[in-house]
Amino acid sequence: MTREGAVNAVILALLAAVALAGAAGDRPFLVTLAAKVAILGLAGVGLNIALGFGGLVSFGHAAFFGLGGYVAGILASHAQNYEPVAEWPITIAGTQEMLIIWPAALAACALAAAVIGALSLRTSGIFFIMITLAFAQMLYYFAISWPAYGGEDGLPIYLRNAFPGLDTMDGLQFFALCLAALVLGVGLSWRLRDSRFGLALEAARQNPERVAAVGIRVFRVRLAAFVISAAITGLAGALYADLNRFVSPAMLSWQTSGELIVLVILGGVGRLWGPVAGAGLFVFLEHVLGGVSEYWQALLGLMLLGVVLFARGGLLGLLAGARRHG
Amino acid sequence: MAETVLELAGLSKSFGALRATDGVSLTLRRGEIHALIGPNGAGKSTLIRQITGEIAPDSGTIRFMGRDLTGLDMPARARAGLARSFQVSSVASEFTALQNVVLAVLGASGRVFGFLAPAMADLRLVGPARAHLGRVGLSGREAVRAADLSHGERRRLELAMALALRPKAFLLDEPMAGMGPEGAREMTALLAGLKREAPILLVEHDMDAVFALADRISVLVYGRIIATGTVAEIRADPAVREAYLGEEA
């Protein structure tokens, strides 16, 4: 096993251990934290495809995180109230089945990303950052001002959505579900990175002009990456809504976009397990330092500065060394 | 006369008041190396960039393999068989030499959207890539990051990437730039063999290389072609001697 492989295994084992210890020691709070790490990690894994592999600094991934959350929340609320989501042209009933909610969240986010990406990927650099931010803010204000689904107050989900054969209200079982989704997400991003598409995407990050000169349309490759990235982050959003049994516009806010970028950078940009390490560190700091001082984010800022200045590879770079290609 | 592969007719491009390309017409025929020479700022790179589709000419036409290239973007022209190397080495520097050539093979294959199978385990990509690296003498350097290659090796890597496009014409923008005499000699030998595969439009400052390689030479001064001919004709042309070759001739 390579050193990076060993580090990845430790991260995974640590996460599972925290959840198991929490369940055994009757401290459900720990189980919830572990699930939160898995979900934020999955959201980061999604963002990492655009940001890490493609070099596309999306400052609007909260749009997809929140959209996934609202898909779960809206479908569940209709099911709870026995009201169809739509009656025309076809009747769409609400549902509390994750196996229906997840594809719906994936599809909604992919569609949204296709539209947002098609417009914003025509720009680059600071303009791309600003346009993705603008789209996310549009969704944020829309969610706040649309009273049907709670507006500013958010939308509660009374019972977690259901997964066949599991009791999702049981913290450990829900954690296992999140962990499985995370592992699948990381597995997918690993295959993507090493595929033909991943090679073109990573080359386009380094030298888009060269990629065009060998006959590859950079825009299409980036758009596909943006869509896949958004869909994975959206799935994480749907899980996050279930974790909290609550969706609110905060999931769509620019702070959420920023936090997703922060955890990817903390963990190691472009590293498969980087976002998971980053999410672990982020949640750990939030709860340990957050308990000590409400100004914990100042320290987080300091750490981020340290990573950007001295340890570009993030946590994984420190633990597993520089990334190797080929 | 050999078949014309690339034909520029009346090409013009201005940047503000500067006429960077001024009614340029030239042809590239099968089997030849056509060198484009001229002093700095004569508009050589601007001309190349119009052929590759990076910038659009104000007027004039570019025909390639009998087909009008107007309206085709850079990737489409590359796929049609126009391979170019850049004046300043342009590779994916974090990638290994082999990955860079695999990228070019991938571009030529037109099948970029494979999402699950590992590209570097795909012999349809890696096999040809290895062969192209071998042709430019970089077989032993496959696993070296492009950033860690020497300048001359990077230039040869670019050539391998151009070969991978299985081109119908090469556009080489100063392939010898920055090379020592030894490197320039190797590159000269490489290019002499290359022209049998596809004709080369060669922009080059190294006059030894140009006179050794070129079948025809066009001289570009202030965006205009002032002479086209064989090496002997160009050497003897008084206008060229005055405008450009000066002491060198």
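The values are calculated or read from the model by the stated rules, or taken from the named source; none is laboratory data. All figures in this text were calculated on a predicted structure; none of them were measured in a lab. Glycine also receives a Cβ, built like all others from the backbone with ideal geometry; neighbour counts cover every protein chain displayed. Surface accessibility is based on the protein's heavy atoms, side chains included, excluding ligands, DNA and RNA. Shrake-Rupley method; radii C 1.70, N 1.55, O 1.52, S 1.80 Å.
Numbers at a glance
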quantity	calculated
Evaluation of A:Ser189 against (1) among the polar types (S, T, N, Q); (2) more than 14 Å from every other protein chain (Cβ to nearest Cβ); (3) in contact (Cβ under 8 Å) with a residue 40 or more places away in the chain (one fails), failing number	(2)
Hits in region A:290-318 - residues which are within 14 Å of A:Val269 (Cα to Cα) and either in contact (Cβ under 8 Å) with a residue 24 or more places away in the chain or touching a strand residue (DSSP E or B) at 6+ places or on another chain (Cβ under 6 Å) (or both)	A:Leu304, A:Val307, A:Val308, A:Arg312, A:Gly313, A:Gly314, A:Leu315, A:Leu316, A:Gly317
Failed item, numbered, when A:Arg210 is tested on (1) free of Cβ contacts under 8 Å to residues at least 40 places away in the same chain; (2) open to solvent by 10 Å² or more (accessible area, probe 1.4 Å)	(2)
Any hit, region B:133-142, residues being more than 13 Å from chain A (Cβ to nearest Cβ), under 27 Å from B:Ala42 (Cα atoms) and open to solvent by 10 Å² or more (accessible area, probe 1.4 Å)	no
Conditions (1) at pLDDT 90 or above; (2) out of contact with any Lys or Arg (no Cβ under 9 Å at 6 or more places or on another chain); number of the one not met by B:Phe170	(2)
Among residues of region B:136-151, those that are out of contact with any Asp or Glu (no Cβ under 7 Å at 6 or more places or on another chain) and either closer than 10 Å to B:Ser89 by Cβ or assigned to a strand (DSSP E or B) (or both), counted	3
Subset of region A:217-231 (residues that are among the basic types (Lys, Arg) and either within 7 Å of chain B (Cβ to nearest Cβ) or free of Cβ contacts under 8 Å to residues at least 12 places away in the same chain (or both))	A:Arg217, A:Arg220
Answer residue from region B:200-243, given it is assigned to a loop (DSSP other than H, G, I, E, B) and not aromatic (Phe, Trp, Tyr) and is nearest to B:Asp22 (Cα to Cα) among those	B:Gly223
Where B:His132 falls short, out of the listed (1) within 21 Å of A:Arg193 (Cα to Cα); (2) of a type outside the set (A, V, I, L, M, F, W, C); (3) part of a helix (DSSP H, G or I)	(1)
Candidates B:Glu182, B:Glu197, filtered to the one that is more than 11 Å from chain A (Cβ to nearest Cβ), surrounded by fewer than 19 Cβ atoms within 10 Å (Cβ to Cβ) and in a helix (DSSP H, G or I)	B:Glu182
Exclusive hit being closer than 18 Å to B:Gly193 by Cα, in contact (Cβ under 8 Å) with a residue 24 or more places away in the chain, open to solvent by 10 Å² or more (accessible area, probe 1.4 Å) and within 12 Å of another protein chain (Cβ to nearest Cβ), set B:Arg145, B:Arg166	B:Arg166
Only one of A:Leu51, A:Leu20, A:Leu56, A:Leu15 that is of a type in the set (A, V, I, L, M, F, W, C) and open to solvent by 50 Å² or more (accessible area, probe 1.4 Å)	A:Leu20
Complete set of residues in region A:117-151 that are surrounded by fewer than 18 Cβ atoms within 10 Å (Cβ to Cβ) and of a type in the set (Phe, Trp, Tyr)	A:Phe127, A:Tyr141, A:Phe142, A:Trp146, A:Tyr149
Residues of region A:253-299 that turn out to be open to solvent by 10 Å² or more (accessible area, probe 1.4 Å), under 24 Å from A:Tyr140 (Cβ atoms) and in contact with a Ser or Thr (Cβ under 9 Å, 6 or more places away or on another chain), as a count	1
Members of region B:116-126 that are at the interface with chain A (Cβ under 7 Å from one of its Cβ atoms) and either in a loop (DSSP other than H, G, I, E, B) or open to solvent by less than 50 Å² (accessible area, probe 1.4 Å) (or both)	B:Leu116, B:Ala117, B:Ala119
Those residues of region A:170-184 which are within 14 Å of chain B (Cβ to nearest Cβ) and surrounded by 19 or more Cβ atoms within 10 Å (Cβ to Cβ), in sequence order	none
Checking A:Glu202 against (1) farther than 26 Å from A:Arg3 by Cα; (2) assigned to a helix (DSSP H, G or I), the condition it does not meet	(1)
Conditions (1) in contact (Cβ under 8 Å) with a residue 24 or more places away in the chain; (2) touching a Phe, Trp or Tyr at 6+ places or on another chain (Cβ under 9 Å); (3) surrounded by fewer than 23 Cβ atoms within 10 Å (Cβ to Cβ); number of the one not met by B:Phe113	(1)
Qualifying positions in region A:139-150 - in contact (Cβ under 8 Å) with a residue 60 or more places away in the chain and more than 23 Å from A:Ala113 (Cα to Cα)	A:Gly150
Residue within region A:201-216 that is more than 13 Å from chain B (Cβ to nearest Cβ) and not small (Gly, Ala, Ser) present	no
Any chance B:Pro175 is assigned to a loop (DSSP other than H, G, I, E, B), more than 8 Å from chain A (Cβ to nearest Cβ) and open to solvent by less than 10 Å² (accessible area, probe 1.4 Å)	yes
